[in-house]
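Before any comments, here is the structure.
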Protein chains: 2
Amino acid sequence: MGALEEAHLAAAAACGCDDDEEEDLVVLGDGGGEEEAGDAMEAAVRALLVGLGEDDRREGLRRTPKRVAKAFRDGTRGYKQKVKDIVQGALFPEVGVDKRTGSAGGTGGQVVVRDIDLFSYCESCLLPFSIQCHVGYVPSGGRVVGLSKLSRVADVFAKRFQNPQRLANEVCSALHASIQPAGVAVSLQCWHIPLPENLKCKSSQGLIRTSHSSRSGVFEGENSSFWNDFVALLKLRGIDMEMDSHSAIPPWCPLRPNEVPLCNGHGKRMTTNGAISPKSGSSPSNMVSAVSSMLLSLGEDPLRKELLGSPQRYVQWLMRFRACSLDVKLNGFTLNSASVYERPDVGATDHRAISSELHLPFCAQCEHHLLPFYGVVHIGYFGSEDGEGIDRSHFQALVHFYGCKLQVQERMTRQIAEAVYSVSHRGAIVVVEANHICMISRGIEKIRSSTATIAVLGHFLTDSSAKASFLQNIIDTADLEE
Amino acid sequence: MGALEEAHLAAAAACGCDDDEEEDLVVLGDGGGEEEAGDAMEAAVRALLVGLGEDDRREGLRRTPKRVAKAFRDGTRGYKQKVKDIVQGALFPEVGVDKRTGSAGGTGGQVVVRDIDLFSYCESCLLPFSIQCHVGYVPSGGRVVGLSKLSRVADVFAKRFQNPQRLANEVCSALHASIQPAGVAVSLQCWHIPLPENLKCKSSQGLIRTSHSSRSGVFEGENSSFWNDFVALLKLRGIDMEMDSHSAIPPWCPLRPNEVPLCNGHGKRMTTNGAISPKSGSSPSNMVSAVSSMLLSLGEDPLRKELLGSPQRYVQWLMRFRACSLDVKLNGFTLNSASVYERPDVGATDHRAISSELHLPFCAQCEHHLLPFYGVVHIGYFGSEDGEGIDRSHFQALVHFYGCKLQVQERMTRQIAEAVYSVSHRGAIVVVEANHICMISRGIEKIRSSTATIAVLGHFLTDSSAKASFLQNIIDTADLEE
């Protein structure tokens, strides 16, 4: 067992808590400085919560500053790691064939590790982005490197504030310098967190995807056969670099107004109601200062060129989720939740056709981790007696109202269900399916995990065939929407 | 930053090594006992290597005992973890609707986290198995639990010697006891490491898949609407529990002769050349004792019912990969590698049709971690002048010879390429694609990663169209084989 696990167990045993929820964790290493920095980070996060119109002492938010500070420190741990330490001791002698006759094994044979899942932080907006990383190298000097080291070295540079192309370049150079192979090839496919308004593009859930590559040594040059082999070996897994290369200068951070990508791919600047400009002045300066102080705590220089404007962009992103004191004033909705359940029971289900609005996209902010969770909402209800349905736009507005704030998925599901039930008295059913960035970019890193919640009200509780038909309808329409 | 990361950084800084390759790692916690146990574990692994006919001092194996000991300790860390510590402090008050009118939010609304990737150790043979875990629960008492805790609790029980059904039961009971919800549902899909001879079934690469579930509270009973909702919410992700339930008593560990599953699914006992019986006496007793002492070091009782016979099965598994001193005596192959490259250069490529044997399955043992890596080998060569090809069975035997031992993928690729080149003097090309259990079940846990290696000899080096045509052929035939 490494120090990693032992310390974990020791700490867990000492203070009765796990590494995600610790309150009074035993601090190891040069803990003094970390702790102080931690306090500064937490104060900054608290300032952000207050700036969002929230009560930072309410139950769901009480430990959010600690969690967010920890996530940022963990997510930027790469600054403290050294590539040499990782590769040292993992170089194994391996004979190879003579250069004259071929390339194989320890001299000249290419080794590619494909589909390494990583996460990094976008230096333009400080939000995490996800990466599918592929690394190839051609051994030289009769030495091969342990396969897992390619992933570990890539992670050192991913765990920093980055932009995708620099990440590819840094991983490539670091591997070249530490392994001293004949050459290194790095290919990345990166997904940026979507802006809520981009979620309207259902095809990719609004995710912005770009591809990047970097090469050294024998991989360089137009006609490098090693590069061609690398591309071919990726293709065996369905990864098509050639298709990606069409987007010459890929648009990246959607929060940078001078490179905002639109879903139609025409590269127009976004000037609709989703427009963001660093000059718009919409981000309170005390929140921006708080974020700058977080960067300082992490050992970063908020004044380095790439980070100029990033605190402001991060705050602008957060402010999309600010608490709203307005009641929902939607056509046909009166959300007086006290009265919702005071209605007299209606009689037996009349098996009128079930109405449903499926695959409504949303992007919410997890109040425990200050990271987005996004996905789709499916709503079912019994139509009104005159057969009139409710327009989809009303449901979209409802989902936006309950979704676009500091939330937890369980509460959001209930609130939408109650709202629908308040106008469709016979019954309402709501299913929310979401990917939680906090589940995949930190801590447990369960990349494929997804969370579903369901709320059932009124006749859907007793009419199991109505419920089954609604759920089947989601499956039947999934292909059309995705 | 938690103690976890700090200790890691501190340790890395102190001794210049990462948590995988440490030699003189600073031992934290109750390190004394751990270290002693570590020595015993490492001695046991060394005994296994010697028993396999290997030189435990050769470069590739020198630190294998340390790595294997660490992997076993890490893989069974769940014995030392407490569920209470994980859930405590992660229960959040959340209001819900009245039970009378519906189920939603904090009272009665179901929450499901799907597709949690986990790894565990099979208690019948001590090999790791992979798990796709789905957990649902219905909150009660106005409290919801942080979503990541469902995954963390499942992992506590996965990180032990297990069988899949007990794992499902234990996760279910532990969550029920710690969260005190209205009910818990757990569904697992498990994949056992295949036996080399089962790799002939190409459809699933010989992986043995079983499904298991466990439920408590409101999920119990034939007609539980909560259970039906759980099943429906899994179906939204393409997970079909109903389809799985047909295999009444699922076959599991293929190393237990009384429940050996065959690929044809008829449940016959395997009596062919792959037959294993605990009474066969093929496993040297000193190796079996070594494994028993490893279990003791891990704090396990080798005499508990479920572990009786497991050391023997583990050794029987390992012995399939024992070093073989025989030369390959295959029809048409004389592997005098000294002379392979002494042939005079043949003239220009005559563009005879390229012959290829693709998707040849193999299962090797990683010599760095004593864990399998398995996948497919693709072989291309120029046919002989009389147009006669080499029979596929010869290539299968060749792949088996170089694959079924302590290996690294790079060397195996080169060795196969050299062997093919020795009979097909014009040129040989070999691509190996593999999943490494050591990459996905421990350390970096890169579940989707896969490694490709390529060796190119003779005319394939200069004839890029021949190489491209071979590589395209792999893609074109992939669907047929999978």
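The values are calculated or read from the model by the stated rules, or taken from the named source; none is laboratory data. Everything numeric here is computed off the predicted structure, so don't read it as measured data. Neighbour counts are summed over all protein chains in view; Cβ atoms, including those assigned to glycine, are modelled from backbone coordinates with ideal geometry. Quick note on the areas: whole protein, heavy atoms, side chains included, nothing else; ligands and nucleic acids left out. Shrake-Rupley method; radii C 1.70, N 1.55, O 1.52, S 1.80 Å.
Filter the range A:432-470 for residues that are at the interface with another protein chain (Cβ under 7 Å from one of its Cβ atoms) and within 15 Å of A:SER355 (Cβ to Cβ); which is surrounded by the most Cβ atoms within 10 Å (Cβ to Cβ)?
Among those residues, the one meeting the criterion is A:LEU457.
Could you check how many residues of the range B:52-65 are in contact with a helix residue (DSSP H, G or I) (Cβ under 8 Å, 6 or more places away or on another chain), open to solvent by 30 Å² or more (accessible area, probe 1.4 Å) and in contact (Cβ under 8 Å) with a residue 40 or more places away in the chain?
So the answer is 1.
Regarding the range B:377-387, can at least one residue be identified that is small (Gly, Ala, Ser) and in contact with an Asp or Glu (Cβ under 7 Å, 6 or more places away or on another chain)?
There is no residue in the range B:377-387 that is small (Gly, Ala, Ser) and in contact with an Asp or Glu (Cβ under 7 Å, 6 or more places away or on another chain).
Looking only at the range B:388-421, how many residues end up being touching a residue at least 24 places away in the same chain (Cβ under 8 Å), open to solvent by 10 Å² or more (accessible area, probe 1.4 Å) and among the small types (Gly, Ala, Ser)?
2
Given the criteria more than 8 Å from every other protein chain (Cβ to nearest Cβ) and open to solvent by 10 Å² or more (accessible area, probe 1.4 Å), does B:PHE119 qualify?
Yes: the conditions hold for B:PHE119.
Look at B:VAL112 and say whether it is of a type in the set (A, V, I, L, M, F, W, C) and either at pLDDT 95 or above or surrounded by fewer than 21 Cβ atoms within 10 Å (Cβ to Cβ) (or both).
The answer is yes for B:VAL112.
What is the one condition in (1) closer than 20 Å to A:VAL231 by Cβ; (2) not in a helix (DSSP H, G or I) that B:THR413 does not satisfy?
(2)
Within the bounds of the range B:342-357, is there any residue that is under 30 Å from B:LEU127 (Cα atoms), at pLDDT 90 or above and surrounded by fewer than 22 Cβ atoms within 10 Å (Cβ to Cβ)?
There is no residue in the range B:342-357 that is under 30 Å from B:LEU127 (Cα atoms), at pLDDT 90 or above and surrounded by fewer than 22 Cβ atoms within 10 Å (Cβ to Cβ).
Can you pull out the residues in the range A:207-223 that are in contact with a Pro (Cβ under 9 Å, 6 or more places away or on another chain) and either acidic (Asp, Glu) or not in a helix (DSSP H, G or I) (or both)?
Matches in the range A:207-223: A:LEU207, A:ILE208, A:ARG209, A:THR210, A:SER211, A:HIS212, A:SER216.
Working only within the range B:160-173, note down all residues that are open to solvent by less than 10 Å² (accessible area, probe 1.4 Å) and either at the interface with chain A (Cβ under 10 Å from one of its Cβ atoms) or more than 11 Å from B:VAL184 (Cβ to Cβ) (or both).
Of everything in the range B:160-173, those that are open to solvent by less than 10 Å² (accessible area, probe 1.4 Å) and either at the interface with chain A (Cβ under 10 Å from one of its Cβ atoms) or more than 11 Å from B:VAL184 (Cβ to Cβ) (or both) turn out to be B:PHE161, B:GLN162, B:PRO164, B:LEU167.
For the range B:301-315, give me each residue that is among the charged types (D, E, K, R) and buried (at least 23 other Cβ atoms within 10 Å of the Cβ).
B:ARG313, the sole residue that qualifies.
With A:PRO93, A:PRO139 as the choices, which residue is over 21 Å from the mean Cα position of the chain (by Cα), within 29 Å of A:LEU234 (Cβ to Cβ) and open to solvent by 10 Å² or more (accessible area, probe 1.4 Å)?
A:PRO93
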